[in-house]
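The values are calculated or read from the model by the stated rules, or taken from the named source; none is laboratory data. Just so it is clear, the structure is predicted and the values come from calculations on it, not from any experiment. A quick note on method: Cβ atoms are made from the backbone with ideal geometry, for glycine too, and the neighbour counts reach across all protein chains shown.
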Amino acid sequence: MRRHTTQPRPDWQKRVEQTGLTYHSMGGSPYWDESAYWELSSAEVDLIEAATSEIQRLCLVAGDHIVEKNRFAEMCIPPEAIPHIIETWEQEPPALYGRIDLAYDGNHLKLLEYNADTPTSLVEASVTQWCWLQDCFPQTDQFNSIHEKLIAKWRDLLPYIKQPVYFGYEPVEEDRITIEYLRDTANQAGLRSAAIAMHDIGWQAAANQFVDLGKQPMHTIFKLYPWETLLKDAFGPHALAAMRQTQWIEPIWKMLWSNKALLAILWELFPNHELLLPAFLDGPRDLGSYVRKPFFGREGANVTVSLSGITMESTSGSHAEDAFVYQKYSDLATSGRTHAVLGSWLIDGEPAGIGIRESDGYITTNTSRFVPHLFR
């Protein structure tokens, strides 16, 4: 895996906006950064694909273990959610996608975390970097079948979900664009859909159901909105009460995998597995160098990196009161001061491609650059 510098396309802003990526710059600096790209070998692509499948298998085992051994409390999962998590875990309702973040130092791949509920950077991973490849390196390939697999998954769901599918989002640009992209893949599969801001979803008490702005019942809701946040909202109890009347995508059992306590449970179940890092819930123990992460943190919030007792970097955020997991530090792919994390996408539990995020520090945040990749 090697990083190359290259000349951006003269009209790169226009080109990426045509793919839907309107949030290509942040604070005057590119978020989408095509002044560089990462080159992988076909063997490395095979390695990432196999590792992603194996981690998915381990997580399925861990999910069964959590349910059977009733380990919800130590994951800080609300008691009222537990029966619904168990029911959906056993019934396997529709689930669409996820993103596993991996550390790669050129020799070893290691699981950093599983963004199983509300993963972002989807448009740039699926469409924008593919269009960049066709413009700049059309004779090469890319580990990327995300778009095709999303459409295929929606098509598979046609007989099992009521239409229209409502796509709920927070009114911020990245979430809105992600929702519009997912709607497009659903529409291409033959589904009817509608976008709606989460705060515009209404509740009809007499019918015990959610309704849209036109008072029409909402039977299927894809939500780009974390389950742990939804359950704290005023209508959180309604979401649980109407669980059997509403098809939620992602299902509530995803709380088992989007929770970073999963990292410690995986290490307990599979100690010394080549794809896992030591992780503990009760402190760093004898890790030496470690990363402290909040259970429900997202986009690098409230993360601390400690190397040999020295705090190298720490971020702020809204998760300071969360419980934390302590995970052994692992080197990332590097080039100079640049650190890169591999985001490996799964559609319907199957590997579908990668996106690469870069930062100049140790922690990948919501402003870390997205850099395209190719392989030969």
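Matching residues to (1) more than 20 Å from the chain's Cα centre (by Cα); (2) more than 29 Å from HIS108 (Cβ to Cβ); (3) among the basic types (Lys, Arg):
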{"site": "VAL16", "(1), (2), (3)": "yes, yes, no"}
{"site": "GLY20", "(1), (2), (3)": "no, yes, no"}
{"site": "GLY27", "(1), (2), (3)": "yes, yes, no"}
{"site": "GLU34", "(1), (2), (3)": "yes, no, no"}
{"site": "TRP38", "(1), (2), (3)": "yes, no, no"}
{"site": "ALA50", "(1), (2), (3)": "no, no, no"}
{"site": "SER53", "(1), (2), (3)": "no, no, no"}
{"site": "ILE66", "(1), (2), (3)": "yes, no, no"}
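Residues in segment 336-350 that are touching a Leu at 6+ places or on another chain (Cβ under 9 Å) and charged (D, E, K, R): how many?
1
Select from segment 255-267 the residues that are among the small types (Gly, Ala, Ser) and outside any loop (DSSP other than H, G, I, E, B) and write down the one among them that is nearest to the chain's Cα centre (by Cα).
Applying the filter and picking the extreme gives ALA261.
Filter segment 321-348 down to the residues that are modelled with pLDDT of 95 or more and of a type in the set (S, T, N, Q) and list them by number.
GLN327, SER330, SER344
For segment 193-246, what are the residues that are assigned to a strand (DSSP E or B), of a type outside the set (S, T, N, Q) and without any contact (Cβ under 8 Å) to a residue 40 or more places away in the chain?
Those that are assigned to a strand (DSSP E or B), of a type outside the set (S, T, N, Q) and without any contact (Cβ under 8 Å) to a residue 40 or more places away in the chain: ALA194, ALA195, ILE196, ALA197, GLY202, TRP203, PHE210, VAL211, PRO217.
Only residues in segment 271-283 that are within 11 Å of ALA261 (Cα to Cα) and modelled with pLDDT of 95 or more count as the first member; pair them with residues that are in a loop (DSSP other than H, G, I, E, B) and aliphatic (A, V, I, L, M), Cβ under 8 angstrom, at least 6 apart or cross-chain, and list the lot.
As it stands, the answer is PHE280/LEU287; LEU281/ALA323, since those pairs meet every condition given.
When TRP248 is evaluated against the numbered criteria (1) of a type outside the set (D, E, K, R); (2) modelled with pLDDT of 95 or more; (3) over 22 Å from the mean Cα position of the chain (by Cα), which criterion, by number, is the only one it fails?
Of everything listed in (1) of a type outside the set (D, E, K, R); (2) modelled with pLDDT of 95 or more; (3) over 22 Å from the mean Cα position of the chain (by Cα), TRP248 misses just condition (3).
Are any of the residues in segment 63-73 modelled with pLDDT of 95 or more, among the polar types (S, T, N, Q) and not in a loop (DSSP other than H, G, I, E, B)?
Of segment 63-73, the ones modelled with pLDDT of 95 or more are 63-73.
Narrowing further to those that are among the polar types (S, T, N, Q): 70.
So of that shortlist, the ones also not in a loop (DSSP other than H, G, I, E, B) come out as none.
Among the residues of segment 63-73, not one is modelled with pLDDT of 95 or more, among the polar types (S, T, N, Q) and not in a loop (DSSP other than H, G, I, E, B), which makes the answer no.
Could you pull out every one of the strands (runs of 3 or more DSSP E) wholly within segment 268-354 that has 2 or more residues that are crowded, with 17+ Cβ neighbours inside 10 Å?
290-294, 304-307, 324-328, 338-347
Without any contact (Cβ under 8 Å) to a residue 24 or more places away in the chain and of a type outside the set (Asp, Glu): which single residue out of THR315, THR338, THR304 fits that description?
Testing whether each residue is without any contact (Cβ under 8 Å) to a residue 24 or more places away in the chain and of a type outside the set (Asp, Glu) leaves just THR304.
Just checking, how many residues over segment 23-51 are acidic (Asp, Glu) and touching a helix residue (DSSP H, G or I) at 6+ places or on another chain (Cβ under 8 Å)? Let's see the steps before the verdict.
As a first pass, look at segment 23-51 and keep what is acidic (Asp, Glu): 33-34, 39, 44, 46, 49.
Filter once more, keeping what is touching a helix residue (DSSP H, G or I) at 6+ places or on another chain (Cβ under 8 Å): 34.
Qualifying residue count for the region: 1.
Cβ-Cβ distance below 8 Å, separation of 6 or more or different chains: which pairs start in segment 131-152 with a residue that is over 27 Å from LEU191 (Cα atoms) and end on one that is part of a loop (DSSP other than H, G, I, E, B) and among the polar types (S, T, N, Q)?
Listed pairs, sorted by first residue: LEU133/THR140; LEU133/GLN142; CYS136/THR6.
How many residues are touching a Gly at 6+ places or on another chain (Cβ under 8 Å) and within 20 Å of ASP331 (Cβ to Cβ) if we restrict to segment 1-56?
So the answer is 1.
Looking at (1) in contact with an Asp or Glu (Cβ under 8 Å, 6 or more places away or on another chain); (2) modelled with pLDDT under 95; (3) more than 22 Å from TYR225 (Cα to Cα), find the lone condition where PRO351 falls short.
It is condition (2) that PRO351 fails.
Hey, can you tell me all the residues within segment 5-22 that are surrounded by fewer than 12 Cβ atoms within 10 Å (Cβ to Cβ) and either under 19 Å from PHE137 (Cβ atoms) or among the β-branched types (Val, Ile, Thr) (or both)?
Across segment 5-22, the qualifying residues are THR5, GLN7, PRO10, ASP11.
How about segment 13-22: which of its residues are in a loop (DSSP other than H, G, I, E, B) and more than 20 Å from HIS373 (Cβ to Cβ)?
Across segment 13-22, the qualifying residue is only THR22.
Quick one: count up the residues across segment 23-62 that are assigned to a loop (DSSP other than H, G, I, E, B), modelled with pLDDT of 95 or more and loosely packed, with under 15 Cβ neighbours inside 10 Å.
Here the count works out to 2.
Residue pairs, Cβ under 8 Å, 6 or more apart or interchain, first in segment 15-30 and in contact (Cβ under 8 Å) with a residue 60 or more places away in the chain and farther than 17 Å from ARG357 by Cα, second aromatic (Phe, Trp, Tyr) and outside any strand (DSSP E or B). List them.
What qualifies is ARG15/TRP132; GLY20/TYR181.
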